[in-house]
1. With a 10 Å radius around each residue's Cβ, average the other Cβ atoms per peptide and rank 43-55, 103-115, highest first.
2. Return one number: the angle in degrees, 0 to 90 and rounded to the nearest 10, between the long axis of the Cα atoms of helix 48-60 and the longest principal axis of the Cα atoms of the chain.
3. Mind checking which lysines have their C-alpha under 23 Å from LYS106, skipping anything on the same chain fewer than 8 residues away?
4. For the chain, what number results from the quotient of the Cα radius of gyration and 2.2 N^0.38 Å?
5. Students often forget the sequence filter, so: which aspartates and glutamates lie under 20 Å Cα-Cα from LYS112 once same-chain residues fewer than 8 apart are removed?
6. Magnitude of the Cβ-charge dipole of the range 2-115, K/R +1 and D/E -1, about the Cα centre, nearest 20 debye?
7. Which is farthest toward the positive dipole end of the chain among ILE63, CYS38, VAL114, measuring Cα position about the Cα centre, with Cβ charges +1 (Lys, Arg) and -1 (Asp, Glu)?
8. Per the Kirkwood treatment, what hydrodynamic radius in Å, one decimal, follows for the range 7-59 from the mean inverse distance over all distinct Cα pairs?
Amino acid sequence: MNEEEVPYKCSCGGSLKKTQVEVEFFGIDFGLRDAEVCTACGSEYLDQETLKVIEEEIKERKIFALEKRVLVTKSGESLVIRIPPEIAEFLNIHYKSLVQLFPVDKDRLEVKVVD
């Protein structure tokens with residue numbers, strides 16, 4: 001798709017161009033989709049049709065609203081984060097599953113299932 005500038009601006013004031021972007025949400029790959037991308041801040045804006053398709057797929061897979069707040073507890077010298085059953089089921093994590101922890105930045109931790 002040729003990039004085409006649109007007549008309105010991004011909220012940051014930058015120019016928007018129509019292009020295609022890779023869309024992934026909750027680990028579901030939706031492939032290349034039409035979007036408007038800001039040339040200044042890089043924000044990506046998807047159209048309503050694409051957002052509706054993504055929402056339907058998320059609802060179909062029963063992962064809508066999986067985000068949870070959990071309290072960090074302690075066991076011996078280690079801190080413990082409990083994984084709610086809905087998230088464990090979605091990620092296929094079971095008792096004694098092996099995971100890797102990656103600090104992404106000062107306020108974000110990534111968990112990767114390795115087995």
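The values are calculated or read from the model by the stated rules, or taken from the named source; none is laboratory data. These figures come from a predicted structure and were not determined experimentally. Neighbour counts run over all protein chains shown; Cβ positions are idealised from the backbone, glycine included. Remember, those area values only see protein heavy atoms, side chains included, never the ligands or the DNA or RNA. Shrake-Rupley method; radii C 1.70, N 1.55, O 1.52, S 1.80 Å.
1. Working: 43-55: 13.5, 103-115: 8.9.
Result, highest mean first: 43-55, 103-115.
2. 20
3. Those lysines meeting the cut-off are LYS68, LYS74.
4. That ratio works out to 1.42.
5. Reachable aspartates and glutamates: GLU24, ASP29, GLU67, GLU86, GLU89.
6. Approximately 700 debye in magnitude.
7. Result: VAL114, furthest along the dipole toward the positive end.
8. For the range 7-59, the Kirkwood estimate is 11.8 Å.
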